[in-house]
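First up is the structure itself, then whatever we jot down about it.
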Amino acid sequence: MSFDEAYNEQKIINVEINREVRKSFLDYSMSVITSRALPDVRDGLKPVHRRILYTMYENGLYPDKPYRKCADTVGSVLGRYHPHGDASVYDAMVRLAQDFSMRYTLVDGHGNFGSVDGDPPAPYRYTESKLKKLSLEMLTDIDKDTVDFVDNYDNTMKEPTLLPVTFPSVLVNNNTGIAVGMASSICSFNLEEVCRTTIELIRNPDHCVADTLKAPDFAGGAKILYDRAKIEEIYRTGRGSFKLYAKYTYDKSNNCIDITEIPMTSTATSESIIEKVIDR
């Protein structure tokens with residue numbers, strides 16, 4: 001067989017490299033945006049969180065049932081819906097159970113799930129978990145054709161494209177994500193205020209959101225410093241900033257400052273704050 005015959009036999013297609021890179025990068029970026037990094041505004045969840053909650057629902061880990069090893073849940077999520085590594089699934093599950101990370105936790109964790117001091121959680125073979133009551137409100141009537149289902153990664157099972165939440169969950173729990181070319185950073189708000197605001201907007205589309213949704217409400221407490229005009233601008237544009245302050249008490253008798261609540265950030269731990277105080 002000549003070289004030309006072999007070349008034609010392989011059916012090699014010549015493609016401009018800039019066109020191929022552009023197409024491949026676009027496919028990759030869309031996959032990251034829709035299937036991994038950013039929450040869906042309809043249920044406020046990233047795919048890994050949605051798959052964890054749905055798997056726990058399938059396994060019958062209801063709030064009134066006994067806890068089950070996290071290793072069992074992680075394995076089920078990996079095998080059924082999310083073949084991306086056990087660490088990514090367990091880390092996401094841990095965050096759903098941390099009251100210092102989530103304004104309203106969705107997983108009831110039993111064992112060492114880390115601490116605000118920066119301590120890591122115990123391995124999943126030692127911890128246990130089940131659903132919180134609030135999670136059931138995100139799964140209500142999911143078996144009654146309330147949401148669309150699609151094939152999982154190997155076409156052996158069906159998984160929901162989103163959960164049939166009964167409240168605006170995207171505003172209740174803070175959520176951040178970095179994708180390709182875009183990112184999201186959503187504050188958490190008080191559940192009662194969110195529901196009241198939603199009802200008022202349904203009744204009156206011209207309702208001023210700032211009248212019922214006073215300001216963000218973060219996990220861990222702390223004090224937020226804001227003014228009404230700035231909050232209204234943030235609600236209108238989706239962008240803005242405000243300051244968070246730790247809460248403390250001062251004991252004059254022994255000249256001691258007792259910090260009771262610290263701002264929730266990705267880097268603020270009690271140890272890092274102590275180090276900064278010592279440096280100054």
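The values are calculated or read from the model by the stated rules, or taken from the named source; none is laboratory data. Bear in mind the structure is a predicted one, so any value in this text is a computation, not a measurement. Glycine gets a Cβ as well: all are built from the backbone with ideal geometry, and neighbour counts include every protein chain shown. Just so you know, the surface numbers come from the protein's heavy atoms only, side chains and all, with ligands and any DNA or RNA stripped out. Shrake-Rupley method; radii C 1.70, N 1.55, O 1.52, S 1.80 Å.
Between a first residue in the range 63-86 that is farther than 18 Å from residue 133 by Cβ and touching a residue at least 12 places away in the same chain (Cβ under 8 Å) and a second residue that is open to solvent by 40 Å² or more (accessible area, probe 1.4 Å) and aliphatic (A, V, I, L, M), which pairs have beta carbons less than 6 Å apart while being 6 or more apart in sequence or on different chains?
Sorted first by the residue in the range 63-86, then by its partner, the pairs are 80/157.
Among the numbered criteria (1) hydrophobic (A, V, I, L, M, F, W, C); (2) closer than 21 Å to residue 141 by Cα; (3) open to solvent by less than 20 Å² (accessible area, probe 1.4 Å), which one does residue 74 miss?
(2)
If residue 49 meets every condition in (1) touching a residue at least 12 places away in the same chain (Cβ under 8 Å); (2) farther than 23 Å from residue 184 by Cβ apart from one, which number is that one?
Residue 49 satisfies all of (1) touching a residue at least 12 places away in the same chain (Cβ under 8 Å); (2) farther than 23 Å from residue 184 by Cβ except (2).
Tell me, which helices (runs of 4 or more DSSP H) wholly within the range 127-241 include 1 or more residues that are basic (Lys, Arg) and open to solvent by 40 Å² or more (accessible area, probe 1.4 Å)?
On the way: elements: 133-136, 169-172, 191-203, 209-212, 228-237.
Output list reads 133-136, 191-203, 228-237.
What's the total number of residues in the range 35-46 that are at pLDDT below 75 and open to solvent by 90 Å² or more (accessible area, probe 1.4 Å)? Lay out the reasoning, then the answer.
Filtering the range 35-46 for residues at pLDDT below 75 gives 35-36.
So of that shortlist, the ones also open to solvent by 90 Å² or more (accessible area, probe 1.4 Å) come out as 36.
The total comes to 1.
Look at residue 244 and say whether it is surrounded by 13 or more Cβ atoms within 10 Å (Cβ to Cβ), at pLDDT 85 or above and under 26 Å from residue 46 (Cβ atoms).
no
Looking only at the range 87-107, which residues are touching a helix residue (DSSP H, G or I) at 6+ places or on another chain (Cβ under 7 Å) and either open to solvent by 40 Å² or more (accessible area, probe 1.4 Å) or touching a residue at least 60 places away in the same chain (Cβ under 8 Å) (or both)?
Hits for the range 87-107 are 88, 101, 102, 103, 104, 106.
Output the residues belonging to the range 196-237 that are in contact with a helix residue (DSSP H, G or I) (Cβ under 6 Å, 6 or more places away or on another chain), aliphatic (A, V, I, L, M) and over 16 Å from residue 172 (Cβ atoms).
Scanning the range 196-237 gives 210, 231.
Restricting attention to the range 245-262, report how many residues are in contact with a Phe, Trp or Tyr (Cβ under 7 Å, 6 or more places away or on another chain) and either within 17 Å of residue 219 (Cα to Cα) or in a helix (DSSP H, G or I) (or both).
To start, the set of residues in the range 245-262 that are in contact with a Phe, Trp or Tyr (Cβ under 7 Å, 6 or more places away or on another chain) comprises 257-260.
Now narrow it down to the ones that are either within 17 Å of residue 219 (Cα to Cα) or in a helix (DSSP H, G or I) (or both): 259-260.
Of the residues in the range 245-262, 2 are in contact with a Phe, Trp or Tyr (Cβ under 7 Å, 6 or more places away or on another chain) and either within 17 Å of residue 219 (Cα to Cα) or in a helix (DSSP H, G or I) (or both).
Those residues that are out of contact with any His (no Cβ under 9 Å at 6 or more places or on another chain) and closer than 19 Å to residue 81 by Cα, I need them from the range 31-42; list them, please.
Listed by number, the residues that qualify are 31, 32, 33, 34, 35, 37, 38, 40.
Kindly evaluate residue 119 against the criterion of being surrounded by fewer than 16 Cβ atoms within 10 Å (Cβ to Cβ), modelled with pLDDT under 95, at positive phi and out of contact with any strand residue (DSSP E or B) (no Cβ under 7 Å at 6 or more places or on another chain).
Values: surrounded by fewer than 16 Cβ atoms within 10 Å (Cβ to Cβ): yes; modelled with pLDDT under 95: yes; at positive phi: no; out of contact with any strand residue (DSSP E or B) (no Cβ under 7 Å at 6 or more places or on another chain): yes.
When the stated conditions are applied, residue 119 does not pass them.
Working only within the range 108-134, note down all residues that are of a type in the set (D, E, K, R) and in contact (Cβ under 8 Å) with a residue 24 or more places away in the chain.
Narrowing the range 108-134 to residues of a type in the set (D, E, K, R): 108, 117, 119, 125, 128, 130, 132-133.
Residues satisfying the conditions are 108, 117, 125, 128, 130, 132, 133.
Just to be sure I understand the filter: pairs with C-beta atoms under 9 Å, separated by 6 or more residues or on different chains, first member in the range 251-265 and without any contact (Cβ under 8 Å) to a residue 12 or more places away in the chain, second member surrounded by 10 or more Cβ atoms within 10 Å (Cβ to Cβ) and of a type in the set (Phe, Trp, Tyr). Which pairs pass?
257/248; 258/248
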